[in-house]
Amino acid sequence: MVGTGDRVDNNGRMADSTGPIVIVGASLAGGAAAVALREGGFDGEITLFGTETHRPYERPPLSKGLLLGDAEEPDWVGDEGFFDTAVTWKPGTTVTAIDPERKVVRVGDDSYPYQKLIIATGSTPRRLDLPGAELDGVLTLRTLDDALALRERFAAGGPVAVIGAGWIGCEAAAAARKHDAAVTMIAPEDQPLVRVLGDQIGAVFGGLHREHGVDLRLGASVQGFEGDGTVSGVKLGDGTVVPAQTVVLGVGAAPNIALAEAAGLELTDGGIAVDPTLRTSEFDIYAVGDVAAHDHPRYRRRVRVEHWANAKDQGAHVARNVLGAEAPYQASPYFFTDQYDLGCEYRGLADPEHDQLVIRGDLAGREFIAFWLRDGAVAAAMNVNDWDHGDALGALVDSGRQVTEDELINGTL
């Protein structure tokens with residue numbers, strides 16, 4: 001099992017952070033780690049491998065500003081030129097193996113030694129194993145190139161079908177509507193975002209999309225895709241065919257853990273098992289971001305988070321630990337969304353099926369704060385079109401202190 005331990009490896013050797021550091025994955029988490037290593041004073045060799053040809057960037061603009069047409073570039077990680085001068089950056093490169101015994105990573109026949117290794121390989125969007133899923137126009141949204149391709153298709157016109165009513169699905173639908181595309185959202189759940197926010201808040205987002213012209217087909221299944229080379233429709237479980245020249249698959253993502261598994265690292269809860277400091281079962285290997293099944297000190301259980309803030313913050317945090325800090329990562333999950341005229345921030349980790357939902361404000365008017373109360377403390381809070389209380393809500397979630405429903409509703413905390 002992964003343990004915290006002190007800075008001594010399995011052979012009794014003291015940890016050494018002066019040798020080369022390799023980062024597998026030029027994701028936000030990997031890029032943030034590289035920047036923080038340099039800012040933390042590390043002047044040794046850093047090699048960063050990434051499968052994309054773009055330097056590391058933040059992903060929220062992909063489904064927001066870029067897809068909407070309000071931005072032409074994502075938010076890049078680090079100063080311009082950092083990845084060309086401060087590290088050895090190898091874009092468009094796939095690491096084929098990790099050898100913990102010899103402490104090297106392999107790219108084909110080439111080997112690269114490391115003293116410390118950070119795995120930040122991120123996730124891959126899930127596709128559907130259904131007839132027609134390989135047709136042109138059935139797309140996912142994960143990379144900068146994905147976002148630019150989708151934006152071009154949205155702007156060109158033609159009906160759009162969004163499969164899935166999670167965050168990616170909802171934001172993609174909102175962006176397509178801004179481009180005046182006809183949009184149908186298809187999902188098996190009764191409301192958008194129900195797994196994260198529950199039925200009542202999910203219904204708020206359902207109403208939002210309906211008001212903006214989205215045709216919601218909820219409680220529906222997908223049997224396959226129709227078309228001759230290029231998609232022309234989505235066939236539903238009841239036999240209905242929804243016209244679509246573009247299909248966005250927003251059905252989740254799978255963490256890229258094959259390298260870790262082949263290397264013999266401990267896996268759990270769908271990710272790479274890491275201790276509170278983000279160290280894996282191998283003393284000199286860390287994992288961050290989407291792939292990290294983190295033994296979270298605050299929640300006293302494994303937590304794997306696929307959000308921007310987690311990737312960015314864990315990347316910076318692991319750099320300090322690689323350099324000897326040995327500090328547990330304790331931040332609460334955070335994310336935000338912008339859809340049409342609704343913006344919100346979410347802090348914490350709710351279980352909407354079991355937590356008590358408490359609302360302060362105007363739910364119908366979509367200006368409110370939602371609290372998820374568990375054992376007398378706020379497990380999560382979300383401010384919707386309310387920008388005055390974000391920091392206070394974060395502090396309340398982090399404190400774990402006892403509160404009452406009346407205090408939450410009346411704002412007397």
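The values are calculated or read from the model by the stated rules, or taken from the named source; none is laboratory data. No experiment lies behind these values; they were computed from the predicted model shown. We place every Cβ from the backbone using ideal geometry, glycine too, and count neighbours over all the protein chains shown.
Side notes on the structure shown:
- Top-ranked residue of the stretch 193-225 - restricted to ones that are touching a Leu at 6+ places or on another chain (Cβ under 8 Å) and charged (D, E, K, R), ranked as farthest from GLY365 (Cα to Cα): ARG217
- Some residue of the stretch 234-247 being closer than 16 Å to ALA120 by Cα, at pLDDT 95 or above and buried (at least 21 other Cβ atoms within 10 Å of the Cβ): no
- Some residue of the stretch 169-184 being under 30 Å from HIS296 (Cβ atoms), in contact with a Lys or Arg (Cβ under 9 Å, 6 or more places away or on another chain) and of a type in the set (Asp, Glu): yes
- Among residues of the stretch 43-91, those that are within 18 Å of LEU141 (Cβ to Cβ), in contact (Cβ under 8 Å) with a residue 12 or more places away in the chain and of a type in the set (A, V, I, L, M, F, W, C), counted: 4
- Verdict on ALA120 being surrounded by fewer than 14 Cβ atoms within 10 Å (Cβ to Cβ), closer than 29 Å to PHE49 by Cα and in contact with a strand residue (DSSP E or B) (Cβ under 7 Å, 6 or more places away or on another chain): no
- Any hit, the stretch 10-18, residues being at pLDDT 95 or above and surrounded by 13 or more Cβ atoms within 10 Å (Cβ to Cβ): no
- Condition met for GLY376 (at pLDDT 95 or above and within 16 Å of PHE335 (Cα to Cα)): no
- The residues of the stretch 39-50 that are surrounded by fewer than 19 Cβ atoms within 10 Å (Cβ to Cβ) and assigned to a loop (DSSP other than H, G, I, E, B), listed by number, are GLY40, GLY41, PHE42, ASP43, GLY44, GLU45.
- Here the strands (runs of 3 or more DSSP E) wholly within the stretch 308-413 that include at least 1 residues being of a type in the set (Lys, Arg) and surrounded by 20 or more Cβ atoms within 10 Å (Cβ to Cβ) are 342-348.
- Restricted to the stretch 123-133, and to residues there that are under 17 Å from the mean Cα position of the chain (by Cα) and not hydroxyl-bearing (Ser, Thr, Tyr), the residue that is surrounded by the most Cβ atoms within 10 Å (Cβ to Cβ) is PRO125.
- Selection within the stretch 149-189: residues that are in a loop (DSSP other than H, G, I, E, B) and among the aliphatic types (A, V, I, L, M). The member of this set that is surrounded by the fewest Cβ atoms within 10 Å (Cβ to Cβ) is ALA182.
- Residue, farthest from ARG127 (Cα to Cα), within the stretch 190-223, restricted to residues that are surrounded by fewer than 16 Cβ atoms within 10 Å (Cβ to Cβ) and either at pLDDT below 95 or in contact with a Gly (Cβ under 8 Å, 6 or more places away or on another chain) (or both): ASP190
- Condition check for VAL231: within 24 Å of the chain's Cα centre (by Cα), surrounded by 15 or more Cβ atoms within 10 Å (Cβ to Cβ) and farther than 30 Å from ARG106 by Cβ: no
- Taking the criterion of being β-branched (Val, Ile, Thr) and either under 15 Å from VAL318 (Cβ atoms) or not in a loop (DSSP other than H, G, I, E, B) (or both), the residues of the stretch 247-284 that qualify are VAL247, VAL248, THR268, ILE272, VAL274, THR277, THR280.
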